[in-house]
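Throughout, read-outs are computed from the coordinates displayed, never taken from laboratory work. The shown structure was predicted, so the numbers you read here are calculated from the model rather than taken from an experiment. Glycine also receives a Cβ, built like all others from the backbone with ideal geometry; neighbour counts cover every protein chain displayed.
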Amino acid sequence: MISRKKIRRKEMYYALAAYSIVLASRIISKNLPLPLSHVLTVSKSLGYEVRGRDILRASSLFQELMKPTYPSSEGFIYLILMKLSTQIDFSLLQKMGFKEKSSFIKAVAEESLQLLSVLRKYRGGRNPSIFSGAIIYAALKVLYRDKRPPISQRKIAECIGVAEYSIREVFEGIWRLLTELEVHKP
């Protein structure tokens, strides 16, 4: 365990504050981590002397004490679907036979989780939020084979805060795998 004495008290507070900003950025944005160099630059411009190694020590101390958890792919699926539920055109869902948004979200979530269970080992080093967004789009394509899905790749990408091509590239890989595994029939 890292001793608190290794970091002077004042520097430790600055380092913990800086690490908290980095951690919050990673959890909230779900995509783009805040570079440590940016935190150091801003801290210095505000008059706080904090070093990168102090932030790394503080992060080790924080992780030992707090054991933070990060959302899993399943968690991202639910987060993305909840965000998307506010952007879905309800009249379109009614035409598709859904009486409530919640029944649509439930159907997409179930299909997404089923696909995720099949494809989990193929995630590799992909960003979990982008992978989850692509899984959701694949689930929509499976559910609406003959029709245009009610949610586009663009909407999913906007919801996550990434470029549309990120979702498209991962989706294409997922779709190829699903075809190879014969999980769906195109």
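Taking other C-beta atoms within 10 Å as the exposure proxy, Leu177, Leu116 rank Leu177, Leu116 from fewest upward.
Taking Lys and Arg as +1 and Asp and Glu as -1, the other residues whose beta-carbon sits under 14 Å from that of Arg148 total +4. With the convex hull drawn around the C-alpha atoms of region 73-180, the volume per residue stands at 90 Å³. In terms of distances greater than 21 angstrom between alpha carbons, the cross-link table entries Lys121/Lys147; Lys101/Lys155; Lys83/Lys147; Lys106/Lys141; Lys95/Lys141 yield Lys121/Lys147; Lys83/Lys147.
What order do you get for Lys155, Lys95, Lys101 when you list them from fewest to most C-beta neighbours inside 10 Å? List each step's numbers first, then the result.
On the way: Lys155 19, Lys95 11, Lys101 15.
Least to most surrounded, the residues fall as Lys95, Lys101, Lys155.
Near Glu158, within a Cβ-to-Cβ distance under 13 Å, what is the net charge of the other residues, with Lys and Arg +1 and Asp and Glu -1? So the surrounding residues net to +2.
In this calculation the C-beta distance from Ala17 to Glu110 is compared with R0 = 45 Å, giving a FRET efficiency of 0.60.
Backbone geometry of region 136-143 corresponds, through the Karplus equation with coefficients 6.51, -1.76 and 1.60 at θ = phi - 60°, to 3J(HN,Hα) couplings of 4, 5, 4, 4, 5, 5, 5, 5 Hz, x marking Gly and Pro.
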